[in-house]
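Just below is one structure, and these are the notes that go with it.
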Amino acid sequence: MLSRKHKLLLMKIVSLFSVVRGYNIPIIALAQYLSAIFIFAHERRALHILLDGKLFVLVLSTTLTIASGYIINNFYDSRKDLINRPHKSMLDRLVSQRTKLHVYFSLNLLSCVLASMVSWRAIVFFSFYIFLIWFYSHKIKRFPLIGNLMAAFLAILPFFAILMYYKNFYHVIFIHAVFLFLLLLIREMVKDLENLTGDLANGYQTIPVRFGEAMSKRIITLLVLLTILPVYALTDVYDVGYMDLYLYCALTTLVIFLLVLWRATSKRQFNLLHNLLKGLIVAGVFSIVLIDPSTVLHAREMLD
């Protein structure tokens, strides 16, 4: 049997794991590696990519930076989360705000030290990334639309670290990025609907707070319609192989999502839609393995 002291320590570890959302970070790391193998460096052997020490350091620096980002976001959102996520918030509060800040600064310092092993450009990138996450959590997320745009941009930025490492700036890669960005932006908009009560109580000027739920749903509908453009480009212009299956399923899911969205009125319904989008994004990570590598080669030829 564990002593009371050991039980408290275990609970604090679980609490810190909850704060940094440790269940999300492995998915991001996996997505970076799959992107490197099937998109950014498809001409190289997979084993060579997996054993690339510098790529490992970049992925590790990314995970540390994202973990620290969750901490600072939790630090600034502690009052709002008491309303929006009371059970999770009580678990998160087992670790003091002071401890969270110590871990935050330690993770950021370690991330920059690791980045220095790759290049000075990596240090600049991660220093800028860390600053953007802090600026978003401290200021930007309180403002309508710009907060959503920046949140989606920060979520997609880790892939640009891999892009810059391999220097493969092809059209098809940016079209993939646009599709992912739109999905992330839609998710951020749904989160605002889900967190409306807490945002309203704490003065966050999100779109549902400022302009109402109906306006927010109209913008989300427009964003869903915009996803048709990158899907068309990826399936008809570049032909991404069997990833077509995911893209068509994603569009079908988004149509169902819209039908449910316009009927949704409660926090529980918006949470269901939020989880549906998260599932769609995670499925997109695993569908990377379905991409036809010749797609990127064809993009290179078109560029030349």
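Assigned to a helix (DSSP H, G or I) and under 28 Å from residue 291 (Cα atoms): which single residue out of 193, 200, 157 fits that description? Full working, then the answer.
On the way: 193 fails: under 28 Å from residue 291 (Cα atoms); 200 fails: under 28 Å from residue 291 (Cα atoms).
Checking each option against the conditions leaves just 157.
Does residue 235 count as modelled with pLDDT of 95 or more, among the β-branched types (Val, Ile, Thr) and open to solvent by less than 40 Å² (accessible area, probe 1.4 Å)? Don't jump to the end; show me each part of the working.
Working: modelled with pLDDT of 95 or more: no; among the β-branched types (Val, Ile, Thr): yes; open to solvent by less than 40 Å² (accessible area, probe 1.4 Å): yes.
Answer is no for this residue.
Scanning segment 128-139 finds one or more residues that are modelled with pLDDT under 90, among the charged types (D, E, K, R) and either open to solvent by 40 Å² or more (accessible area, probe 1.4 Å) or outside any helix (DSSP H, G or I) (or both).
Of 161, 151, which residue is closer than 29 Å to residue 216 by Cα and crowded, with 20+ Cβ neighbours inside 10 Å?
Numbers: 161 fails: closer than 29 Å to residue 216 by Cα.
Being closer than 29 Å to residue 216 by Cα and crowded, with 20+ Cβ neighbours inside 10 Å holds for just one of 161, 151, which is 151.
Among residues of segment 85-105 that are at pLDDT below 80, those with a beta-carbon under 7 Å from a residue that is among the acidic types (Asp, Glu) and surrounded by 15 or more Cβ atoms within 10 Å (Cβ to Cβ) at least six positions away or on a different chain give the pairs 88/81; 89/81. Comparison of 178, 172 shows that the only residue that is surrounded by fewer than 20 Cβ atoms within 10 Å (Cβ to Cβ), of a type outside the set (D, E, K, R) and more than 29 Å from residue 200 (Cα to Cα) is 178.
Against the numbered list (1) over 15 Å from the mean Cα position of the chain (by Cα); (2) within 28 Å of residue 34 (Cα to Cα); (3) without any contact (Cβ under 8 Å) to a residue 24 or more places away in the chain, residue 150 comes up short only at (1).
The values are calculated or read from the model by the stated rules, or taken from the named source; none is laboratory data. Here the structure is a predicted model, which means the values were calculated and not measured. As a convention, Cβ positions derive from the backbone with ideal geometry for all residues, glycine included, and neighbour counts pool all protein chains shown. The accessibility values were calculated without ligands, DNA or RNA, using every heavy atom of the protein model including side chains. Shrake-Rupley method; radii C 1.70, N 1.55, O 1.52, S 1.80 Å.
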